[in-house]
Amino acid sequence: MPPAPADVLGSKPLDGGWGWMVVIGAHISIGFAYSTPKALSIFFKDIQEDLQAGYSEIAWISSIMLAAMYAGGPVSSMLVNRFGSRPIVIMGGLMCGVSMVTASFGSSIAYLYFCIGVIGGCGLAFNLNASLTIISKYFLARRPLANGLAMAGSPVFLCFLAPLNQYLLGTYGWRGSLLILGGLMLNCCVAGALMRPVCKTLACAPQQNVDRPNKCKTKIKGSCVKNTKKFVDLSFFRDRGFVIYLIGNVMFIFGAYAPIVFLSTYAVSQGVEKYSAAYLLSIMGFVDMFVRPGTGLVANSKWIRPRIQYFFSFAMVFNGTCHLLCPLMRSYTLLVVYAVFFGVGFGMVFALIFECLMDLMGNQRFPSAVGLVTIVECFPMLLGPPAAGLLVDIFGDYKYLFLMCGSVITTGGLFLFVMNIYNYHMLEKEKRAKDRERNQTNIENQEQMSISAAEMEQPEAEETEMSAAQQGPESAETK
């Protein structure tokens with residue numbers, strides 16, 4: 001598909017300049033947003049023993065945090081449309097820092113659900129949506145590359161947070177580690193400060209009189225109010241392409257995070273030392289770090305850009321196949337191989353997941369669309385890891401966890417591939433039908449114009465004949 005139109009006020013994005021500083025800020029905020037729920041799994045074994053919780057109970061911490069992050073999408077989109085990305089990211093950073101500091105004093109699993117899950121998840125929602133929205137306003141032609149670089153924050157931060165958390169856990173315990181992690185997450189406030197409002201530099205034309213700035217501000221304010229009222233636009237469900245994307249995405253989200261949450265504990269159950277098990281997440285993050293921008297470059301090419309939805313389907317099938325093969329990996333060497341391929345598949349999917357939505361919806365509808373997508377995805381996000389943990393509690397074996405996640409993700413990828421073929425076929429068919437209808441209308445209009453012209457010419461001919469007839473007798477009398 002061709003690139004979506006420019007922003008809502010009609011100005012073409014710069015595709016560079018200060019936009020690269022915005023990408024750095026988004027890299028930091030998105031990095032914390034996606035890596036924190038994964039890196040927290042390092043503490044789960046100690047929290048489980050300290051608070052006497054089961055596998056499914058401990059998995060609810062990451063699930064609630066991720067679900068709150070996704071469910072807060074519409075609220076975040078509304079606030080971004082009203083106040084801009086900068087204050088929302090700063091507020092999200094403060095909430096994340098406070099959530100980790102207060103969680104370090106927790107004495108029950110329910111208290112951690114509220115502090116880490118609800119408060120921290122809402123803070124991550126503000127960071128994520130605001131960062132994605134401002135990138136779509138600063139970039140158009142280079143948008144896949146910008147999205148890939150920003151989304152690379154997740155593997156970069158995971159690569160360093162996993163061994164750092166393991167070190168902090170061994171030195172200060174899980175409580176002291178959460179306290180330090182809360183201080184680190186305050187850096188999201190610095191990232192938010194880099195997100196200069198795009199309206200002030202792109203939307204207003206050069207001022208020719210004193211009243212022009214007020215008119216521009218009034219136009220921007222009216223646009224924000226309009227977008228605020230429509231931050232959950234249910235008309236998206238009448239868009240066939242959006243519904244196909246949403247179904248496939250929900251299937252991926254259900255199985256995406258449980259393998260990450262339980263990867264280190266699965267490695268320990270196979271006899272791997274704790275630090276080596278933590279490094280599996282770092283290996284995955286390291287590979288993911290290079291795959292995301294690389295995928296952005298590939299997706300930006302003239303061969304892949306028009307077929308980006310199919311590329312997304314392939315990435316999902318590749319990711320699901322890795323999980324299906326994981327139960328066969330029982331040695332540390334094979335687990336490292338699994339982590340490498342897992343990083344490749346995971347990186348490809350998350351480098352494309354929002355770019356595909358932008359491709360379908362365009363810049364103008366993307367903020368509302370991403371808010372609706374995230375609130376729908378919070379349900380599989382909430383249920384996926386606990387369902388996987390319940391399988392471990394029931395069967396006492398991790399292989400059923402990976403088989404379930406792999407089968408769901410692979411099915412979702414195949415669904416997207418088949419349904420995108422159908423969708424593009426129907427779009428082409430509808431386009432041909434509209435062209436035929438337009439041509440038929442033009443032919444009918446031309447025929448109608450011809451008939452009207454003929455009807456207008458007939459009275460003129462009759463008048464000419466009558467004039468000639470009258471002139472005949474007059475000539476005879478004259479002679």
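The values are calculated or read from the model by the stated rules, or taken from the named source; none is laboratory data. In this text, all values refer to a predicted model and were calculated from it rather than measured experimentally. No Cβ is skipped: glycine too gets one built from the backbone with ideal geometry, and neighbour counts run over all protein chains shown. Protein only, heavy atoms only, side chains kept; ligands, DNA and RNA dropped before computing areas. Shrake-Rupley method; radii C 1.70, N 1.55, O 1.52, S 1.80 Å.
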- prompt: Given labels modelled 7 Å from the Cα in the Cβ direction, how far is it in nm from ILE24 to LEU297?
  reply: 2.1
message: Test of the criteria: in the stretch 12-118, which chymotrypsin sites (Phe, Trp or Tyr not before Pro) are in a DSSP loop and have at most 16 other Cβ atoms within 10 angstrom of their Cβ?
response: TRP18, PHE105
message: At 20 °C and a viscosity of 1.002 mPa s, what translational diffusion coefficient does Stokes-Einstein give for the stretch 311-371, taking Rh as the Kirkwood radius over Cα pairs? Give it in µm²/s as a whole number.
response: 165
message: What number do you get for the stretch 235-440 when its Cα radius of gyration is normalised by 2.2 N^0.38 Å, N = residues?
response: 1.14
- prompt: When the distances between all Cα atoms of the stretch 14-197 are binned every 5 Å from zero, what whole-number percent does each bin get?
  reply: 1, 9, 18, 21, 19, 13, 9, 6, 3, 1, 0
The stretch 330-431: radius of gyration and largest Cα-Cα distance (Dmax), Å: 17.7, 55
task: Run the 1.4 Å probe and let me know the accessible area of VAL156, rounded to the nearest 10 Å².
output: 30
query: How much of the calculated P(r) for the stretch 103-199 lies past 20 Å, in percent of all Cα pairs?
result: 50
